[in-house]
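A.B. asks: Would you mind keeping the following structure in view while I ask a few things?
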Amino acid sequence: MAGYLGSVPVPQATQHRETFTATAGQTTFNTAGYTPLFVDVYLNGVHLSPADITATNGSDVVLAECVVNDIVDIVSYTPFEVASQTFTGTTTMTDVVAATLDISGNIDIDGTTNLDVVDIDGAVDMASTLGVAGVVTANAGVVVDNITIDGSEIDLSSGNLTIDVAGYIIIDSDDGNIYLNDGGSGYGQISGASQNLTFKSSTSDKDMIFQGNDGGSAITALTLDMSQAGRATFNEGIVAGTSTAGAFGLTLNTASGDNMTLSVADTGSAGAALGTISVSDGSLTLDVAGDINLDADGGDINLKDGGTAYAHLSNSSSDFFITNPTSDKDIHFRGNDGGSFISALTLDMSQAGSATFNSAIKSIGPNVSHIGAAGVVIGQDDSATSQIRCYGTNDSTLGTLKIESTTSAGSTTKTLLTMAEGSADFNPSALNMDFRVRSDGNDNMLFVDGGNNYVGVGTSAPSSDLNVHNPTTTCALIVSGENNANRKAVLEYNATDGPIVRGGSSGITSLKFAVDNATLAGKFDSNADFYTNDGTVHSLSDIRVKTDVEDLTDGLDIVRQLKPRTFRYTEDSEFYNEKTKDEIKHGFVANEVETVAPQYTDIGKGRIGGEEVNDLRSLSTTKMIPMLVKAIQELSAKNDALESRLETLEG
């Protein structure tokens, strides 16, 4: 026998005490070993409740909480064995803990005895009520009057069985199935597979019948015919009650390929049976996965409002008629345009069916409109090209197309466009009317200002007879010929060069100027030389337009310091020309002239190596001509003086 005798073990024989001083954050204490459940823990001398400690692994003891310098005493008890002990006579035991306890003879127990399992080989005779808080096992069954409970069955030898409870009756089948049998043969089943409640008739082709009492008479309210795949037969009408949870109603399912028919069968002889689908409050929706077919053998489908017809859909000799039966009331074709309802087409019955379209009329097939014998056809030709055709009065005359603008009463009419065989006349009525042609990126690709008689390209406000404008990029007017786009003259403005006149490529080597439509007056060659027809270039020189006229003082003293040079332009020059890059130029260097006579040079903007600079030097040789003439005059005067002296010396 293993266990304890007495209220506590003898301390000297079974106790082991260990003392610990807690460090910061320490709650786990490692002991020399203990038997789980046989350990006491004291914190600062106070015995701790088992709820405040964890001691399960035989080594560590874990406290719920502990602070630094707390004194923890752990007392462990070691079980001992008392093997095969025999007690004779009367033995009194206050507390007994034993793995097994065999007692021969009688046992007299005073007070309450807690036994986990009791195995009694003989009979038990109890003079009073047996109160069992645990489980009672009766392997041979339990018999109460004529009810036998044995194993998985409750048998009643005769009579009826009544289950009468004060609360609920709960049938809990872990298998999820409840079977209904009669004489051992099953006829029904209730199951709860996947939390679904299922009622099943177990016998082949046997129906499920729902019966009730109608005013004292038994009636069959509903029969589900299992030999017809569950066809439902209701004894009376079907009413779908109100619902506050959303959609409700009647759903009829058919097998694949089968038809579903809602029909009114006339089983009487009192006249034609009328069928009505009525909704007392709200709307009716027909929602199908396929088509909705309306088949009226009478040929008419009538649309009514409050019993009054407002439209007929009719079949007459296979012609389809849409009719508004109300006098002078129109037919409107309406739709939703971006959230707003519009009348796309109105047929005015008070005006003999006059058609008013809300917007454009588009044709995607042959003739959509033919107005008059000699009139206009809007449609497509055989190659599906959209067209407007104008017919003449007979086969020998061609039609003329006019686009006119008129007042609502037609009292004033102006022609905007006339197109005939030999001409197209825009604004033949000479109205103060602008004409605009748009492109993909320009609202004023071509603009005719009818009030100011100006034409604009790229502008809606032309300020001259022809005003070409581009608000963002290079603007150019190009004239080309000889079926070669590069044989051209370009009048251009760009952000880099400002105003510029260009001559084209493809063999064009000069830009020429002519007068009298034919006489060549001058030209610029590709080598940047300028020519006139007689070599003369004039500048304005009339005394009447000059003031502050004085003698030039520059002359021979400056000429002596000038350095005539030969040179070629580098690729960084604006005047570089690949064709003339090896040609030797003659002239001066502006930087050198600037040190001698800066009045003949200039500093301004220009481009070097493609980059704009503000200190580009330039030189005017034309301005230097008077200075050179002055130098010649000074040399001439000196020469005259020398000749005079020579004549005197020789004379």
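A.B. asks: Specify the residue that is surrounded by the most Cβ atoms within 10 Å (Cβ to Cβ); the eligible residues are those in the range 588-618 that are touching a helix residue (DSSP H, G or I) at 6+ places or on another chain (Cβ under 7 Å) and among the small types (Gly, Ala, Ser).
C.D. replies: Step one: filter the range 588-618 for residues touching a helix residue (DSSP H, G or I) at 6+ places or on another chain (Cβ under 7 Å), giving 593, 596-597, 600-601, 617-618.
Still in the running and among the small types (Gly, Ala, Ser): 597, 618.
On the way: ALA597: 18, SER618: 11.
So, considering only residues that are touching a helix residue (DSSP H, G or I) at 6+ places or on another chain (Cβ under 7 Å) and among the small types (Gly, Ala, Ser), the one surrounded by the most Cβ atoms within 10 Å (Cβ to Cβ) is ALA597.
A.B. asks: Would you mind telling me which numbered condition in (1) in contact with a helix residue (DSSP H, G or I) (Cβ under 9 Å, 6 or more places away or on another chain); (2) exposed (fewer than 13 other Cβ atoms within 10 Å of the Cβ); (3) not hydroxyl-bearing (Ser, Thr, Tyr) ASN213 fails?
C.D. replies: Failed condition: (1).
A.B. asks: Shifting gears a bit: For the range 569-613, give me each residue that is among the aliphatic types (A, V, I, L, M) and touching a residue at least 12 places away in the same chain (Cβ under 8 Å).
C.D. replies: ILE584, VAL589, ALA590, VAL593, VAL596, ALA597, ILE603, ILE608, listed by residue number.
A.B. asks: Ok, one more. Looking for something more than 30 Å from GLY392 (Cβ to Cβ) and either out of contact with any helix residue (DSSP H, G or I) (no Cβ under 9 Å at 6 or more places or on another chain) or modelled with pLDDT of 85 or more (or both) - is there at least one such residue anywhere in the range 423-432? I'd like the intermediate steps shown before the answer.
C.D. replies: Initial filter on the range 423-432 (more than 30 Å from GLY392 (Cβ to Cβ)): 432.
When the remaining residues are screened for being either out of contact with any helix residue (DSSP H, G or I) (no Cβ under 9 Å at 6 or more places or on another chain) or modelled with pLDDT of 85 or more (or both), the result is 432.
The answer is yes, given that some residue of the range 423-432 is more than 30 Å from GLY392 (Cβ to Cβ) and either out of contact with any helix residue (DSSP H, G or I) (no Cβ under 9 Å at 6 or more places or on another chain) or modelled with pLDDT of 85 or more (or both).
A.B. asks: Additional query: Does ASP449 fit the bill of being touching a strand residue (DSSP E or B) at 6+ places or on another chain (Cβ under 8 Å), among the acidic types (Asp, Glu), surrounded by 13 or more Cβ atoms within 10 Å (Cβ to Cβ) and touching a residue at least 12 places away in the same chain (Cβ under 8 Å)?
C.D. replies: Criteria met by ASP449.
A.B. asks: Now, a different point. Given the structure, is LYS579 assigned by TED's automatic domain parsing to the domain that holds ASP615, of a type in the set (D, E, K, R) and surrounded by 11 or more Cβ atoms within 10 Å (Cβ to Cβ)?
C.D. replies: Against the criterion (assigned by TED's automatic domain parsing to the domain that holds ASP615, of a type in the set (D, E, K, R) and surrounded by 11 or more Cβ atoms within 10 Å (Cβ to Cβ)), LYS579 does not qualify.
A.B. asks: Hey, among the residues in the range 571-596 that are among the polar types (S, T, N, Q) and not in a helix (DSSP H, G or I), which one's nearest to SER510 (Cα to Cα)?
C.D. replies: By that ranking, first place goes to ASN577.
A.B. asks: Step by step: first the residues of the range 156-196, then only those that are assigned to a loop (DSSP other than H, G, I, E, B) and on the phi > 0 side of the Ramachandran plot, then the one that is surrounded by the most Cβ atoms within 10 Å (Cβ to Cβ). Which residue is that?
C.D. replies: Filtering the range 156-196 down to residues assigned to a loop (DSSP other than H, G, I, E, B) leaves 157-176, 183-184, 192, 196.
Adding the requirement that they be on the phi > 0 side of the Ramachandran plot leaves 159, 176, 183-184.
Numbers: GLY159: 8, GLY176: 13, GLY183: 5, GLY184: 5.
Checking each candidate, the answer is GLY176.
A.B. asks: Yes or no: ALA99 modelled with pLDDT under 90, within 30 Å of VAL135 (Cα to Cα), within 60 Å of the chain's Cα centre (by Cα) and surrounded by fewer than 10 Cβ atoms within 10 Å (Cβ to Cβ)?
C.D. replies: Considered against the rule, which asks whether it is modelled with pLDDT under 90, within 30 Å of VAL135 (Cα to Cα), within 60 Å of the chain's Cα centre (by Cα) and surrounded by fewer than 10 Cβ atoms within 10 Å (Cβ to Cβ), ALA99 comes out as no.
A.B. asks: Further question on the same structure: If a residue counts only when it is farther than 29 Å from LEU401 by Cβ, modelled with pLDDT of 90 or more and of a type outside the set (D, E, K, R), which strands (runs of 3 or more DSSP E) contained entirely in the range 283-375 have at least 1 such residues?
C.D. replies: 300-305, 308-316, 319-323, 331-337, 340-348
The values are calculated or read from the model by the stated rules, or taken from the named source; none is laboratory data. All values derive from a computational prediction rather than experimental measurement. Here Cβ is always computed from backbone atoms with ideal geometry, including for glycine, and neighbour counts include all displayed protein chains.
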